[in-house]
Amino acid sequence: MKNMKKWLALFLAGTLTAGMLAGCGGSGDSGKSSSEGGASAAVSAGSGDTEEDDNTPDSVQELNLIFTDLKTLDVNDVRNSNEFQVLSQVQEGLFRTFTDEDGNAVVENAGCEDYTVSEDGLTYTFTLRDHQWSDGQPVTAQQYVDSIKRLLNPENAFAYAFLAYDIENAEAYYDGNASADDIGVKAIDDKTLEIKLQAAIPFFVKKLANVCFFPVRLDVIEAGGESFATDYTKQVYNGPFVIESRILDNEMVLAKNESYWDAENVQLEKVTLKVVAEAATQSQLLEAKEIDVVEAKTDYIQKWQSMVDQGTLVSRSVVKPASTYMIFNQHTGGSSGLMNNAKVRLAMSLAIDREELNEVIYSGQNTPAYGLIPYNMMSGDVEFRGEAEEPLKAVKEEYDTDEKLVELFTEGVEEEGKTLSDVELTILSSASDTQNESFLEYMRQTWESLFGVKVTVNICPDSATFVAERDSFKYDTYNMGWNGDYDDPMTFMELWNTESGYAKFMGGYSNAEFDEMFDSLALMTDTAERTEVYKEMEQNLVAENAGMAPLYYGNSQFFVQEYVKNLSTPNFGCALEFSRAYISGKE
């Protein structure tokens with residue numbers, strides 16, 4: 001096994017090197033969400049931000065970015081990172097997330113001018129600022145009420161409905177045990193919004209920065225009909241920008257929203273979002289200054305870093321509250337019929353050499369993961385990982401030889417009435433860039449060489465095909481990542497609850513003990529007590545039942561043109577907060 005792993009590492013390293021040497025000729029593909037503070041806290045991305053530098057804005061204020069086109073423009077139906085990116089810039093809620101000078105995410109008042117919290121921590125009263133939509137209509141407290149009730153309407157089946165369950169009677173309404181009028185949200189008047197919680201949770205304001213809580217116009221939704229969620233011409237906007245034009249799967253252009261309450265501090269007049277799938281093309285456009293920001297690709301990191309050394313680019317590293325892991329098909333047992341067996345899942349998880357995977361495939365860019373909750377995630381006033389050892393590490397010490405792993409895997413296979421010669425595992429994937437292909441080959445070789453089984457990799461030609469295959473449960477395993485929506489472990493834990501709107505994407509993990517612990521958190525206000533429950537939940541998911549296989553905690557690196565100033569890269573929410581960015585020195 002060790003010789004096989006060594007050969008595999010050398011083979012993959014060679015493959016990735018070839019991709020790097022390809023330079024302009026290589027190919028690739030491009031791959032989600034809170035605290036208190038605003039625009040003034042954003043950190044400049046420009047390399048020349050010293051007292052001697054002249055950061056006078058250029059006469060032309062245009063930013064060019066890469067994006068993946070959106071499935072929806074409906075803030076209540078948001079679910080993917082590309083949707084968060086655009087909707088957070090063209091719409092606005094009570095709060096907006098920026099990055100402070102130390103690189104920490106802070107949530108500043110946006111649509112909310114001020115707010116108070118009752119002594120028992122249950123009632124939040126928000127005073128709205130004078131704010132209007134792009135059609136001149138005022139933003140009102142009732143529109144926030146409408147948004148929350150619409151988010152929770154079970155007929156809509158919005159994936160993020162669970163994020164509002166802290167609100168009084170919210171979950172009861174979603175489950176059909178209360179009416180919409182029972183939900184603890186109301187408009188006192190046009191400028192005063194009241195939200196009542198069922199328990200005094202310590203991170204509620206952080207949640208409210210999420211796009212799914214942004215206000216909505218029911219009149220506009222009704223007038224837009226069936227195409228409201230996809231037709232930008234049927235939208236109204238209350239954020240820093242509006243969508244000016246859109247060529248589906250090609251380009252979207254944002255223009256400054258002159259009706260925005262803080263328009264005088266929005267300097268960009270135009271933001272062009274381009275669909276550029278090939279990493280080689282991205283590199284060409286970056287070098288030609290036709291693209292202003294790219295996220296690091298292994299194939300081109302060395303090349304772009306040399307441009308940083310030459311002073312033509314700026315590198316921005318962000319420790320993201322993100323986890324990437326292998327999902328196991330526990331809906332149907334998978335194509336192999338084995339994925340409902342915890343022994344099989346645990347053996348497959350422990351077989352992964354996470355340190356080697358990170359070095360060989362990701363050039364050491366990420367942090368090997370032996371748990372679900374990433375580093376830098378706070379639980380109350382403490383960093384969770386500083387309090388909780390990653391649960392898979394102890395299990396790894398127990399199964400410390402290949403022989404023990406093979407025995408564990410074989411036991412699970414036999415419990416399902418099969419033999420090793422019968423086993424064929426299917427890995428599902430959507431991307432086909434060099435890095436992902438190498439990752440898939442690494443996983444295939446790892447399981448085949450250790451367990452002596454056949455592993456098939458199904459790389460779908462596009463995301464639509466992948467979604468169809470995933471939603472039809474035609475897989476044993478696939479990898480996915482999650483970026484936290486707010487700064488508390490609950491943003492990860494709630495995904496694995498049986499009643500979560502994301503349960504089907506999490507492989508259908510359903511465990512009564514996990515759900516019982518999750519439910520106990522609803523009325524638990526003591527942060528130290530919550531931390532202990534989080535530890536037990538992570539142990540249950542990752543180690544005891546191997547409901548998923550953690551791979552790595554993500555770190556993002558952006559390469560930015562040196563003339564782009566005041567660009568913010570929040571830990572939560574959108575990847576790029578550019579509403580107060582500007583261009584200086586490009587002319």
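The values are calculated or read from the model by the stated rules, or taken from the named source; none is laboratory data. In this text the structure is predicted, and so the values were computed from the model without any measurement. Don't worry about glycine lacking a Cβ; one is built from the backbone with ideal geometry, like all the others, and counts go over all protein chains shown.
For region 549-568, give me each residue that is of a type in the set (Ser, Thr, Tyr) and under 13 Å from the mean Cα position of the chain (by Cα).
Applying the first criterion (of a type in the set (Ser, Thr, Tyr)) to region 549-568 yields 552-553, 556, 563, 568.
Listed by number, the residues that qualify are Tyr553, Ser556.
Determine which member of the set Ser81, Ser88 is in the same structural domain as Leu567 (by TED's automatic domain parsing), among the small types (Gly, Ala, Ser), closer than 18 Å to Asp231 by Cα and under 20 Å from the mean Cα position of the chain (by Cα). Give the derivation first.
Numbers: Ser81 fails: closer than 18 Å to Asp231 by Cα.
Answer to the check: Ser88.
Are there helices (runs of 4 or more DSSP H) fully within region 458-563 with at least 3 residues that are charged (D, E, K, R)? List them. It would help to see each step written out before you state the result.
Working: elements: 463-471, 490-493, 512-520, 527-538.
The helices (runs of 4 or more DSSP H) meeting that bar are 463-471, 512-520, 527-538.
Of all residues being of a type in the set (Gly, Ala, Ser) and not in a helix (DSSP H, G or I) in region 410-435, which is farthest from Ile459 (Cα to Cα)? Just the residue, please. Quick ask: steps written out before the conclusion?
Residues of region 410-435 that are of a type in the set (Gly, Ala, Ser), as a first pass: 412, 417, 421, 429-432.
Still in the list and also not in a helix (DSSP H, G or I): 417, 429-432.
Numbers: Gly417: 29, Ser429: 5, Ser430: 5, Ala431: 7, Ser432: 7 Å.
Restricting to residues being of a type in the set (Gly, Ala, Ser) and not in a helix (DSSP H, G or I), the top hit is Gly417.
Matching residues to (1) surrounded by 19 or more Cβ atoms within 10 Å (Cβ to Cβ); (2) in contact with a Lys or Arg (Cβ under 9 Å, 6 or more places away or on another chain):
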residue	(1), (2)
Leu357	yes, no
Val360	yes, no
Pro374	yes, yes
Gly380	no, yes
Glu411	no, yes
Leu425	yes, yes
Leu428	yes, yes
Met443	yes, no
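Which condition number does Glu264 fail, the rest of (1) farther than 30 Å from Glu494 by Cβ; (2) touching a helix residue (DSSP H, G or I) at 6+ places or on another chain (Cβ under 9 Å) being met?
With respect to (1) farther than 30 Å from Glu494 by Cβ; (2) touching a helix residue (DSSP H, G or I) at 6+ places or on another chain (Cβ under 9 Å), Glu264 is out only on (2).
Those residues that are under 22 Å from Phe84 (Cβ atoms) and not in a loop (DSSP other than H, G, I, E, B), I need them from region 196-232; list them, please.
Result: Phe204, Val205, Lys206, Lys207, Val211, Cys212, Phe213, Val220, Ile221, Gly224, Ser227, Tyr232.
Take the residues in region 259-273 that are in a loop (DSSP other than H, G, I, E, B) and aliphatic (A, V, I, L, M), then tell me which one is nearest to Lys586 (Cα to Cα).
Pass one, region 259-273, residues in a loop (DSSP other than H, G, I, E, B): 259-262, 266-269.
Narrowing the set further to residues that are aliphatic (A, V, I, L, M) leaves 266, 268.
On the way: Val266: 18, Leu268: 14 Å.
So, considering only residues that are in a loop (DSSP other than H, G, I, E, B) and aliphatic (A, V, I, L, M), the one nearest to Lys586 (Cα to Cα) is Leu268.
Please verify whether region 298-313 includes one or more residues that are assigned by TED's automatic domain parsing to the domain that holds Thr426 and in a strand (DSSP E or B).
The first filter runs over region 298-313 and keeps only residues assigned by TED's automatic domain parsing to the domain that holds Thr426, leaving none.
No, region 298-313 contains no residue that is assigned by TED's automatic domain parsing to the domain that holds Thr426 and in a strand (DSSP E or B).
Return the residues of region 320-351 that are among the polar types (S, T, N, Q) and either outside the structural domain of Asn483 (by TED's automatic domain parsing) or more than 20 Å from Glu398 (Cβ to Cβ) (or both); say none if nothing qualifies.
First, the residues of region 320-351 that are among the polar types (S, T, N, Q): 323-324, 329-330, 332, 335-336, 340-341, 349.
Answer for region 320-351, where residues must be among the polar types (S, T, N, Q) and either outside the structural domain of Asn483 (by TED's automatic domain parsing) or more than 20 Å from Glu398 (Cβ to Cβ) (or both): Ser323, Thr324, Asn329, Gln330, Thr332, Ser335, Ser336, Asn340.
Looking at region 539-563, I want the residues that are crowded, with 23+ Cβ neighbours inside 10 Å and have a partner that is among the aliphatic types (A, V, I, L, M) and part of a strand (DSSP E or B) with Cβ atoms under 6 Å, at least 6 apart or on another chain. Which pairs are those?
If the second residue must be among the aliphatic types (A, V, I, L, M) and part of a strand (DSSP E or B), the pairs left are Ala549/Met326; Phe559/Val294; Phe559/Leu313; Val560/Val293; Val560/Val314.
Before we move on, is Ser349 of a type in the set (Gly, Ala, Ser) and surrounded by fewer than 22 Cβ atoms within 10 Å (Cβ to Cβ)? Full working, then the answer.
Working: of a type in the set (Gly, Ala, Ser): yes; surrounded by fewer than 22 Cβ atoms within 10 Å (Cβ to Cβ): no.
When the stated conditions are applied, Ser349 does not pass them.
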